[in-house]
Structure formats: C-alpha cells, structure tokens
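Input: a single structure, listed below in structure tokens.
Derivation of every value follows stated rules applied to the coordinates shown; laboratory data play no part. Keep in mind it's a predicted model, so treat the numbers as computed, not measured. When we count neighbours, we look across all protein chains shown, and the Cβ atoms used for this are built from the backbone with ideal geometry, even at glycine.
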Amino acid sequence: MHRFILSRLLSAIPVLFVVSLVTFLIMWLVPGDVASQIAGPDASAEELAAIRDRLRLDRPMYEQALVWYANLFQGDLGQSYLLNRSVVDAVLERLPVTLSLTAMSLLLAILFGVVLGVVSATNHNNWIDQATMTGALLGLSLPDFWFGLVLIFFFAVELGWFPTGGYVPFTEDPAGWLRSMALPACTLALTQMGVIARMVRSGMLEQLGQDYVRTAKAKGLPRRLVLFKHALRNALIPVITLIGVMTGILLGGAVVIEVVYSLPGVGRLIIGAIQNRDYPIVQGGLLLTAAVFVFVNIAVDILYTVIDPRVRNVR
C-alpha cells in the first residue's frame with residue numbers, strides 16, 4: 001500500500017509540470033498588452049517601456065519560463081500585476097469558496113443521485129422508474145448557467161428564501177453561509193446527479209440479478225438488508241471511481257456558477273485576471289486548481305483499493 005501511494009504521488013509531478021507548461025504557453029500566446037492595461041490608455045511610450053522592463057515582459061519567452069519555474073520550485077507563484085500582492089495569498093484567499101462549493105455540490109450529487117438510482121432500480125420498468133430516469137436525463141441536458149438563473153428567479157426573487165448572490169463566510173455566520181451556497185451547489189450538482197442516478201440504477205439492476213442476491217433472498221434476509229448491505233454496496237464501487245472525474249468537472253463548472261451567483265471564488269478570480277491580462281494570477285490559479293484535482297484523484301484511487309481488495313492484487 002505504501003509503495004502504491006508513493007507511486008501515485010510521484011506520478012502527479014509530471015502532470016502538474018505539463019499543466020504549468022501549457023498554462024504558461026497559453027498566456028504567452030494570448031493577445032493584448034499587460035503594460036497598457038496597467039498604465040491606462042493615456043500612457044506614453046516611455047511609461048509602457050518602464051512597466052515592461054519592471055515586469056520582465058520584454059524578455060524572451062524562455063527566460064520568462066526559467067524565472068517562472070525557478071520561483072515555482074521555491075513555492076513562489078509570483079506577484080499579481082494588478083492586485084499588487086502575492087498570487088499564493090490571492091488564490092488561497094478565494095480557494096475556500098471554490099472548494100466548499102465543489103464539496104457541497106459533490107455531496108448533493110452523490111446523495112440524491114444514489115437515492116434516485118436505488119428508487120429507479122427497485123421500481124424497474126414502471127412509471128416511477130421512467131419518471132426518475134426522465135428527470136435524470138433532463139438534469140444532464142440543462143445548461144448550468146440557465147438552471148442557475150431559473151433558481152435565482154423562483155427561490156431568490158419570487159419567494160425570497162435565498163439571496164440572489166454573494167457569499168457569507170462560514171466562520172462569520174454558518175446559517176448565512178448555508179443559504180448563500182444552497183442555490184449554487186444545487187445548480188452545480190444537477191448534471192452529476194443525473195450521471196450518478198443512471199449509473200447506480202444500472203449497477204443495482206446488475207447486482208440484483210446475481211446469484212449471491214438470490215441466495216440472500218432465499219435465506220430469508222430482510223429486503224432492506226439485501227438491497228442496502230449487499231446489492232448497493234457493490235453497485236457503488238463504480239461510483240467511487242467516478243468521484244475523481246466529477247471533482248474535476250465540478251471545479252471547472254464552478255467558474256460559471258461563481259460568475260452567475262457573484263461568488264468570490266478562484267474561478268471568478270481567474271476570469272477577471274484573464275480579462276485584465278494578469279498572467280501570474282491565471283497561471284497560479286490554474287496550477288493550484290489542477291493540484292487539487294490531481295490529489296483528489298489520488299485519494300480516490302487509494303480509497304478504491306481499500307474498498308475493493310481485488311484491485312490491490314492487480315496493482
């Protein structure tokens with residue numbers, strides 16, 4: 001197990017290196033002039049040249065890349081051009097918002113997706129099954145931003161149950177935090193909820209047809225015990241492997257949701273940095289987000305080997 005964990009951690013290094021390199025190259029190719037953005041439209045040529053020299057924007061690409069990686073290996077992601085603060089501080093300040101949104105969305109997707117999948121499988125081929133799967137398919141088809149606007153209109157504007165946007169830190173007001181995150185989390189969880197529901201339904205139907213389930217029923221075990229202790233436990237194994245991929249999808253989707261609900265997260269920070277050509281913020285934000293995604297996948301792999309010992313023998 002220790003060797004497996006070490007190998008997975010080492011495999012994360014080239015992944016993060018490629019992510020950082022691609023991010024750097026993309027930022028180099030983006031049109032626009034950071035110096036003009038900082039100095040304003042009325043700046044003289046001398047002022048623009050001074051800014052480019054101070055920020056090393058006039059240096060060759062390979063030299064900027066060497067400086068970027070030299071600082072990166074020291075844990076320094078640079079300074080924001082426009083915020084005049086460390087990229088690490090700026091991103092870490094926003095990271096709890098994005099992580100809490102992603103975690104709550106993942107929890108809602110798993111909880112309701114599993115429930116809908118079990119209900120659908122235990123009512124196979126009747127109207128409940130059809131209605132549940134139709135709802136799951138509808139959730140897969142709706143755009144996040146559109147569904148978010150619909151929720152804002154009904155539950156925030158019309159009913160007034162939730163705020164239309166903004167964020168309340170958990171440490172200041174737990175109830176306010178929950179109200180501010182409820183609609184964004186539901187919006188982000190909708191698509192993945194449908195994916196999990198369909199996967200659990202398929203897995204449950206497969207497990208309910210296995211010999212061990214028929215044997216358990218023949219022994220007179222209660223139906224609830226057969227469903228949840230035997231069939232559901234095995235049907236959830238593929239869902240666990242999906243959690244890592246879903247985390248990446250939710251982190252990516254959080255960018256749109258943070259804009260829709262005016263949440264001060266990393267996604268909204270990166271969008272603003274792209275618009276203002278603040279390259280260090282974009283590079284640092286994407287790199288830290290990718291690191292979260294990679295390490296979540298490593299944790300899922302480790303959890304999978306614990307739940308299913310057969311995988312340990314294969315690996």
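Let me know the charge dipole size of the range 46-108 about its Cα centre in debye, to the nearest 20, where only the beta-carbon of Lys, Arg (+1) and Asp, Glu (-1) is charged.
160
If packing is taken as the average count of other Cβ atoms within 10 Å, what order do 187-193, 100-106 fall into, highest mean first?
Most protected by this proxy first, the peptides run 187-193, 100-106.
Taking R0 as 51 Å, what's the FRET efficiency between Q275 and K229 from their Cβ-Cβ distance, rounded to 0.05?
Approximately 0.45, to the nearest 0.05.
If I model a spin label as a point 7 Å beyond the Cα along the Cα-Cβ vector, how far apart are those points for E63 and S141 in nm?
My value for the distance between the label points is 5.7 nm.
What Kirkwood hydrodynamic radius, in Å, does the range 90-314 give when the mean of 1/r is taken over all pairs of distinct Cα atoms and then inverted?
Kirkwood radius, the range 90-314: 19.2 Å.
How many angstrom lie between the Cα centre of the range 185-223 and the Cα centre of the range 125-175?
Cα centres, the range 185-223 to the range 125-175: 24 Å.
Can you give me the distance in nm between label points at A45 and A299, each placed 7 Å from the Cα along the Cα-to-Cβ direction?
Those two pseudo-labels are separated by 5.5 nm.
Can you give me the distance in nm between label points at E172 and V245, each placed 7 Å from the Cα along the Cα-to-Cβ direction?
Label at E172, label at V245, 3.9 nm between them.
Skipping prolines and chain starts, which residues have an amide H placed within reach, meaning under 5 Å, of the one on Q79, given they are 5 or more residues away or on another chain?
Close amide H contacts, sequence-distant or interchain: V87.
Hey, what's the per residue convex hull volume over the C-alpha atoms of the range 193-315, in cubic angstrom?
Output value, Cα hull per residue: 130 Å³.
Using +1 at the C-beta of Lys and Arg and -1 at the C-beta of Asp and Glu, which of G285, I110, S20 has the Cα lying farthest in the positive direction of the dipole of the chain?
The one lying farthest along the dipole's positive direction is I110.
Between the alpha-carbon centers of the range 253-303 and the range 74-94, tell me the distance in whole angstrom.
Cα centroid of the range 253-303 versus Cα centroid of the range 74-94: 14 Å apart.
Subtract the Cα-Cα distance of A291 and D53 from 0.36 nm times their separation in residues, and report this length gain in nm to one decimal.
Once the chain is fully extended between A291 and D53, it gains 82.5 nm.
Just want the answer: with Cβ charges of +1 for Lys and Arg and -1 for Asp and Glu, which residue in G267, V239, S202 is farthest toward the dipole's positive end in the chain?
Result: S202.
Please identify the chymotrypsin sites (Phe, Trp or Tyr not before Pro) of the range 148-216 that satisfy two criteria: DSSP loop assignment and at most 16 other Cβ atoms within 10 Å. Which are they?
W161, F170
Which FRET efficiency value, to the nearest 0.05, is calculated for V115 and A70 with the Förster distance at 51 angstrom and r the Cβ-Cβ distance?
Calculated value: 0.50.
Helix check for the chain. Which DSSP H runs span at least 15 Å along their own axis by Cα, with a mean Kyte-Doolittle hydropathy no less than 1.0?
2-29, 87-122, 237-260, 279-307
If you add up the charges near D89, with Lys and Arg at +1 and Asp and Glu at -1, over every other residue whose beta carbon is less than 15 angstrom from its beta carbon, what do you get?
It works out to a net charge of -1.
Among F162, L138, Y62, pick out the residue whose Cα is farthest towards the positive end of the charge dipole of the chain, where Lys and Arg carry +1 and Asp and Glu carry -1 on C-beta, about the Cα centre.
Going by the charge dipole, the pick is L138.
For the chain, what is the calculated [θ] at 222 nm in deg cm²/dmol (nearest 500), taking -39500 (n - 2.57) for each run of four or more DSSP H residues and dividing by its residue count?
-24500 deg cm²/dmol
Find how much the distance from L21 to N84 grows on full extension, using 0.36 nm per residue of separation minus their present alpha carbon separation; answer in nm with one decimal.
The L21-N84 span can extend by a further 20.3 nm.
Treating only the Cβ atoms of Lys and Arg (+1) and Asp and Glu (-1) as charged, compute the dipole magnitude of the chain about its Cα centre; round to the nearest 20 debye.
Dipole about the Cα centre, nearest 20: 1900 debye.
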